[in-house]
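To start, the structure itself, in structure tokens.
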Amino acid sequence: MKVESILRAKGHQVTTIQPWCTVKEALGHLIGPPRIGALVVTGVPHGFSGMVSERDIIRGMRLHGERLLGMPVSDVMLHHVPTCAPTDSISDIMVTMTHSRYRHLPVLRDGDLVGLVSIGDVVRARLDEMELETGILRDLYMARH
């Protein structure tokens, strides 16, 4: 199964924010509706410049306290975020997410942002894949006996 199958099911919409927006604005997007776990930070002609997640804001609160809410997103965002392509396999991005400890991966096609996949999307896709495999094996077993 490929990343593009996840995007077909969930859509290509990505909630973004500009790097000069405040952390308070970012929180407004994260708590929704809909409630999401990360925002892709744009502000560049192609692709993206970083990502900010709930975790990043919590870490920023510990360092800066209430002042964080008025600070720009660029002060707390992650700059070097791993990405994936629509043609990447689910198992490959599971490895990337595990090793990098990122729960969200921007999806890029020819340098342009075309989607975002979360660990929840990946787990759901993998469970669907396992269900299909189990059904096929059950049918094969039943056909032989």
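Details
- FRET efficiency, Leu27 to Leu63 (Cβ-Cβ, R0 22 Å, nearest 0.05): 0.85
- Gyration tensor verdict on the range 1-66 (Cα atoms; rounded if a/c is under 1.5, prolate if a/b is larger than b/c, oblate otherwise): prolate
- Distances between placed amide hydrogens fall under 5 Å for Val117 paired with Leu105, Val107, all partners being 5 or more residues away or on another chain.
- Sorted peptide list for 62-74, 106-118, criterion being average Cβ within 10 angstrom, highest first: 106-118, 62-74
- Global geometry of the range 60-145, whether rounded, prolate or oblate, following the gyration tensor of its Cα atoms and the 1.5 cut on a/c: prolate
- Spin-label model, Ala143 to Gln13: label points 7 Å out along the Cα-to-beta-carbon direction sit 4.1 nm apart.
- Convex hull volume per residue, computed on the Cα atoms of the range 3-144, equals 121 Å³.
- Across the range 20-37, coupling constants 3J(HN,Hα) worked out from phi with the 6.51/-1.76/1.60 Karplus curve, θ = phi - 60°, read 8, 5, 7, 4, 4, 5, 4, 4, x, 6, 5, 7, x, x, x, 6, 10, x Hz, and Gly and Pro carry x.
- Contour minus Cα-Cα distance for Ser89 and Met71 (0.36 nm per residue): 2.7 nm
- Once C-alpha pairs closer than 8 Å and six or more residues apart are averaged by separation and normalised to the residue number of the chain, the relative contact order reads 27 percent.
Computed from the coordinates by the stated procedures, all read-outs in this text should not be read as laboratory data. From a predicted model like this one, the values you see are computed outputs, not experimental measurements. Every residue, glycine as well, gets a Cβ built from its backbone with ideal geometry; the counts of neighbours run over all protein chains shown.
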